[in-house]
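First the structure, in the form of C-alpha cells, and then the observations on it.
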Amino acid sequence: MQPSFSSSPSYERIKRLNAIGIALSAQKDQGKLLEMILNSARELTHADAGTLYMVEKDKEFLRFAMVQNDRLNIHFGGTGEPVDKNFPLIPLHLADGLPNERMIVAWAVLNKKTARIKAG
C-alpha cells in the first residue's frame, strides 16, 4: 500500500508554496509583486497583519511600502491607499549616531536577523 501524501499538512503547504512561486514569477508589476509576497507570507503564517519596508537610497531610513491589518481594516500600499503620508520614515540610527534599537524593525535590519513577536 502506498502512503497518501496528498492529505498531509506538509504536502498542502508545499503545493501552496509552489503555486505562490509560479504566481510570483509571472508578476511584472513591482507593487503587485510586493503585495503578493506580503499576502502569501501572511497566509502561510496565519498572521492577521503584516508590513513591508523599503530601505531608502541613503540606507539611513526605512520607508513603509505596504501595511495590512485585517482586524483594523487597514490596507495601505499595493492596490490599497498610498502609504506615503500616513507613516513617517523610520531612522536606522538615532541622532547621536547609535543604532536605533528602540524599534524592532530597525533592530532587525541593522542586525540582519528576523524578529518574531509572540502573543501573550
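Details
- Selection of GluC sites (Glu not before Pro), region 43-84, meeting DSSP coil and at most 10 other Cβ within 10 Å: none
- Restricting region 42-72 to trypsin sites (Lys or Arg not before Pro) in coil, as DSSP defines it, with at most 10 other Cβ within 10 Å: LYS57, LYS59, ARG71
- About the Cα centre, charge dipole magnitude for region 9-111 (Lys/Arg +1, Asp/Glu -1 at Cβ), debye: 320 debye
- Looking at region 9-111 alone, DSSP beta bridges between its own residues are antiparallel in about 95 percent of cases.
- Long-range HN-HN contacts of HIS93 with modeled amide H, under 5 Å: ASN100
- Residues whose placed amide H lies under 5 Å from that of MET66, excluding near-sequence neighbours: LEU52
- 3J(HN,Hα) along region 16-27, derived from phi through the Karplus expression 6.51 cos²θ - 1.76 cosθ + 1.60 where θ = phi - 60°, amounts to 5, 4, 5, 5, 5, x, 5, 5, 5, 5, 8, 7 Hz, with x in place of Gly and Pro.
- The translational diffusion coefficient of the chain, from Stokes-Einstein at 25 °C and 0.890 mPa s with a Kirkwood hydrodynamic radius over alpha carbon pairs, comes to 147 µm²/s.
All of the numbers you see were taken from the coordinates with simple rules; none came from a lab. Model, not experiment: these values are computed from the prediction. All Cβ positions, glycine included, derive from the backbone under ideal geometry; neighbour counts span all protein chains shown.
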